[in-house]
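See structure below.
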């Protein structure tokens, strides 16, 4: 069976539209990262410090009443309902209470204000600001090292132009994940960074598949124009690119749909990353190399 | 048979058997007795705290307090020495965080003391003496290196003490590790009462016996109006019925008569008269002698038992106590008494600790996560199997077999290496289901192309594997780079992700390049199959 037979799509011809779309995505991604660095993004408590509780109630609990009860007792909190089974996610930022006392105080409020509705604390995390700062720094270093590591590897495997284009395409995918999380106001936490780094490693594969073929055809075929060879190569590996993405996407989707609340956003980031990664390896990476090659030729001529 | 086929098949089978052997303890609810007796592995796959529930604490030891404590002890010791030698002095006290100041009345004694300090406290730097307001001032300064070593030792000692307490509390497989300069990481899997455990670990447990100053009325005393050498301390009493907390003030002599260091044992006992729990303590010979002297000299006065600046009780000394045993009673429950006994036996922390991170996961959430992870994995496996079977027919099934083999190997490796499986780790495994057939997809697509060019199945197969090899290496190496970085920098769950991912990627390289190829080689080898179902 084949989903895609022989195709003759002019991928390179669509580069203006694609570059525009990608520029917007990248711009949004940069805005998101600026927000993260300046601390005004929706950062998870692992980066900022603070307290998060996941509570399971016996009966349904009104989220507004819960919020009111907490703020009445001097605990400003961000509440979120979890779809399956009367659960609440309660996030508390900085308070006057000492670290280690916040979770207890929250429990106390619910015990007092909702006497009829018994609850259990499924998980709680209290993180001091110093820990958050350290983790933020460590994460930044981790991201930088991975990016540098990947670039060094590509530079070793490919020549300069391909290497830079692949690195840009990879970076583009990571930016896209941040952009979408920023647009949807989803929390940026350590798991998201993990997902983004995983995607960085993964999306490169797709790009490499395309590049490998372009290089192979460049050696075989000296007559045709670059545009023809690039288009031809991309068409040749289309089904590979789509199917490798599809199988991984199937796995990521089942994580997204059935993996549960804790890794829901993580799986979402993977799904987004795989989709964008496939797009970028076809529509961003190769056209970039081509544009660069053409510029170089024009300058030489 | 094509050359090399036998050893490749053997290798695959050996790995399979090893994986199954290592996975048996995880999969079997109860191991048969012959298994237990033999050399077979008995450990289940380690589950992270996020999957089995428990607490992850990061404690910061307030090491500066340990230095100050040391200086205080030396100041008291110096005071005693000077008194013992009948040297008149105005004041001996700790100054800031690194020195002890001695104030003397005249130059003559200053010289004597200077000599004494030089001999006795050679670890310290003796500052040049100076005169101020008609007094002679001497200062001993703790050297930087010494301060560092005191801080370092205090963290080490805190670690030992906490380990001791946890051992006595009874937690299976706790992790207690030093992290960085002054942090201690404590992981307690499966703890049922996290609050109690945290309290037990975090308590400084500095036990002091101090005399009550009977000459001052504690109800009217304020910190400002106290006579020199006295201090105000509170006893917190909790009403067992209402839970209301009341505070009773005491005016105590500042000087600590006996400390908890001199204890040899502490046990919970039940008072037969009031059915109240109390903690019976035993002193060592030094402590017993001190206790004997103090009680003999202070009959009729009250002797306060102070733990971490909280008065537990202040019983009246009715008679001289010379046996070296005493008891601490107060308004506590049996659990609290038992925890108090544990911290007294394990000893005090050399400095207070601050909780800077506390992650608690209840057992139900962990169970739920495992359950959902399994479902997601199963759905993922099924989707991929169906897709591959339809799209690549028999070859797809070969890839599917490779994928399942990959999963078994991965789980076996996790068990064999004693790696920890976390929820993100499960996510990595699910992701690997998709990624592990990727390599085969690359190969199959290449084979199809070669077939279209008119090559024979065997030639197409070899070309497919050869030409896809570099691409497959590329994808695996880049994933390994990120996994390695995540492993180095990640904590807990993320580390679990990195472990699963990197192991999976390495194993996948084996199953994709050797595992599935064996099947094709076998069938195409002797012309058993004329066509390739792809």
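Miscellaneous remarks
- Residue within the range B:378-394 that is outside any helix (DSSP H, G or I) and more than 7 Å from chain A (Cβ to nearest Cβ) present: no
- Subset of the range A:87-105 [over 32 Å from the mean Cα position of the chain (by Cα) and closer than 24 Å to residue B:366 by Cβ]: A:104
- If you filter the range A:51-86 down to residues that are within 12 Å of chain B (Cβ to nearest Cβ) and either part of a loop (DSSP other than H, G, I, E, B) or within 23 Å of the chain's Cα centre (by Cα) (or both), you find that the one that is modelled with the lowest pLDDT is A:84.
- Residues located in the range B:356-377, provided they are within 7 Å of chain A (Cβ to nearest Cβ) and either part of a strand (DSSP E or B) or free of Cβ contacts under 8 Å to residues at least 40 places away in the same chain (or both): B:356, B:357, B:358, B:359, B:360, B:361, B:368, B:372, B:375
- Residue within the range A:236-257 that is assigned by TED's automatic domain parsing to the domain that holds residue A:165, within 26 Å of residue A:291 (Cβ to Cβ) and more than 25 Å from the chain's Cα centre (by Cα) present: yes
- Assessment of the range B:482-494 against the conditions (surrounded by fewer than 24 Cβ atoms within 10 Å (Cβ to Cβ), more than 46 Å from the chain's Cα centre (by Cα), free of Cβ contacts under 8 Å to residues at least 40 places away in the same chain and within 13 Å of chain A (Cβ to nearest Cβ)) yields no matching residue.
- When we screen A:145, A:180 for residues that are free of Cβ contacts under 8 Å to residues at least 12 places away in the same chain, within 20 Å of the chain's Cα centre (by Cα) and assigned to a helix (DSSP H, G or I), the only hit is A:145.
- The test for being in contact (Cβ under 8 Å) with a residue 12 or more places away in the chain, at the interface with chain B (Cβ under 9 Å from one of its Cβ atoms), more than 19 Å from the chain's Cα centre (by Cα) and surrounded by fewer than 22 Cβ atoms within 10 Å (Cβ to Cβ) does not hold for residue A:293.
- Screening residue A:119 with (1) touching a strand residue (DSSP E or B) at 6+ places or on another chain (Cβ under 9 Å); (2) at pLDDT 85 or above; (3) within 13 Å of chain B (Cβ to nearest Cβ); (4) under 22 Å from residue B:493 (Cβ atoms) gives one miss only, at (4).
- Filtered by the rule that a residue be without any contact (Cβ under 8 Å) to a residue 60 or more places away in the chain and buried (at least 20 other Cβ atoms within 10 Å of the Cβ), the range A:230-245 gives A:233, A:237, A:240, A:241, A:244, A:245.
- Counting residues in the range B:349-361 that are farther than 26 Å from residue A:102 by Cβ and more than 21 Å from the chain's Cα centre (by Cα) gives zero.
- Residue A:94 vs. criteria farther than 30 Å from residue A:285 by Cα and without any contact (Cβ under 8 Å) to a residue 60 or more places away in the chain: yes
- Strands (runs of 3 or more DSSP E) within the range B:239-326 that include 3 or more residues at pLDDT 85 or above, outside the structural domain of residue B:72 (by TED's automatic domain parsing) and closer than 18 Å to residue B:340 by Cα: B:263-270, B:277-283, B:303-307, B:310-313
- Condition check for residue A:288: more than 24 Å from residue A:189 (Cα to Cα) and within 12 Å of chain B (Cβ to nearest Cβ): no
- Exclusive hit being under 52 Å from the mean Cα position of the chain (by Cα) and crowded, with 21+ Cβ neighbours inside 10 Å, set B:506, B:443: B:443
- Note on the range B:215-230: residues that are surrounded by 14 or more Cβ atoms within 10 Å (Cβ to Cβ) and either in contact with a helix residue (DSSP H, G or I) (Cβ under 9 Å, 6 or more places away or on another chain) or part of a loop (DSSP other than H, G, I, E, B) (or both) total 4.
- Any hit, the range A:165-185, residues being more than 12 Å from every other protein chain (Cβ to nearest Cβ), buried (at least 20 other Cβ atoms within 10 Å of the Cβ), in contact with a strand residue (DSSP E or B) (Cβ under 7 Å, 6 or more places away or on another chain) and closer than 19 Å to residue A:40 by Cα: yes
- Residues (within 14 Å of chain B (Cβ to nearest Cβ), surrounded by fewer than 23 Cβ atoms within 10 Å (Cβ to Cβ) and either under 16 Å from the mean Cα position of the chain (by Cα) or in a helix (DSSP H, G or I) (or both)) located in the range A:155-164: A:155, A:156, A:157, A:163
The values are calculated or read from the model by the stated rules, or taken from the named source; none is laboratory data. Since we're looking at a predicted model, the values are computed, not measured. Cβ atoms come from the backbone with ideal geometry, glycine included; neighbour counts cover every protein chain shown.
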